[in-house]
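Reviewing the structure listed below.
The values are calculated or read from the model by the stated rules, or taken from the named source; none is laboratory data. Please read these numbers as outputs of a predicted model, since none were measured by experiment. Positions of Cβ are backbone-derived with ideal geometry, glycine not excepted, and every protein chain shown enters the neighbour counts. Each accessible area value is taken on the protein alone, full model and side chains, heavy atoms only, with ligands, DNA and RNA left out. Shrake-Rupley method; radii C 1.70, N 1.55, O 1.52, S 1.80 Å.
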Amino acid sequence: MCPKELTNISHLHPFTQAVLQVIHAIPSGKVQTYGGVARFAGNPKGARQVARILHSSSQKYHLPWHRVINSQGKISLDPVGAEEQRLLLVAEDITFLSNGRVKMDEHLWDGDGLFFV
DNA sequence: GCCGTGACTTCGT
DNA sequence: AACGAAGCCACGG
C-alpha cells in the first residue's frame, strides 16, 4: 500500500499509520465505521483515536474522511459538517434511508483490497 | 509525566 | 427509542 499521499508518516504511532492507510483504502461508494477502521488497523478499541485522527489530519493527508461514519450508520458531525459529508457521500451514489442512516448492508466496506506491508 | 480532549462504542436503564 | 456511564487511547499542553 503506502500511497504517495501517505509518505513520510513513519514518525507517527504504528496504529496511527495503520489507521491512515485503512481510511485511504476505503473505495468510493463504500463507507466504514470508526470502530471498523480501528479494527482493520489492529486495535478494535481505537475508535476514538480514529475520530481524533480524522479531526486533526484529514486534510493533511488527503484522506477520504467522508467515508467514515459511526456504528449506527449516521454522520458524526455538527449539522453544517454533516450536510457537507452527506453531499459527498450522495455524490458517490451512496443511499441514505429515511431515518438518516446510510444503507449499511449495501455500502459498508468489507475490507476488500486491504493489505498491509 | 499527569490531565483533559475527542467526527466513538457498548452496555445498562 | 433515548439517555447516561464507563471503557477506550494517542496526543498536546
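Quick notes on this structure:
- From the list A:58, A:28, the one residue that fits, being touching a Phe, Trp or Tyr at 6+ places or on another chain (Cβ under 6 Å) and of a type in the set (Ser, Thr, Tyr), is A:58.
- Checked against the criterion of being assigned to a loop (DSSP other than H, G, I, E, B) and in contact with a strand residue (DSSP E or B) (Cβ under 6 Å, 6 or more places away or on another chain), segment A:36-45 has no qualifying residue.
- So residue A:81, is it at pLDDT below 95 and over 15 Å from residue A:19 (Cβ atoms): yes
- Going through (1) touching a residue at least 12 places away in the same chain (Cβ under 8 Å); (2) within 6 Å of DNA strand B (Cβ to nearest atom); (3) farther than 22 Å from residue A:106 by Cα one by one, residue A:52 falls short only on (1).
- Count of residues meeting criterion [open to solvent by 70 Å² or more (accessible area, probe 1.4 Å) and in contact (Cβ under 8 Å) with a residue 24 or more places away in the chain] in segment A:76-96: 1
- So residue A:45, is it over 9 Å from the mean Cα position of the chain (by Cα) and more than 10 Å from DNA strand C (Cβ to nearest atom): no
- For segment A:26-42, taking the residues that are within 12 Å of DNA strand C (Cβ to nearest atom) and open to solvent by less than 20 Å² (accessible area, probe 1.4 Å), the one that is nearest to residue A:7 (Cα to Cα) is identified as A:41.
- Residue list for segment A:30-49, restricted to those being closer than 22 Å to residue A:94 by Cα, near DNA strand B (Cβ under 6 Å from one of its atoms) and touching a helix residue (DSSP H, G or I) at 6+ places or on another chain (Cβ under 6 Å): A:34, A:35
- Within segment A:101-116, the set of residues being part of a loop (DSSP other than H, G, I, E, B) and out of contact with any helix residue (DSSP H, G or I) (no Cβ under 9 Å at 6 or more places or on another chain) comprises A:101, A:103, A:110, A:112.
- Residue in segment A:54-69 that is within 16 Å of DNA strand C (Cβ to nearest atom), part of a helix (DSSP H, G or I) and surrounded by 19 or more Cβ atoms within 10 Å (Cβ to Cβ) present: yes
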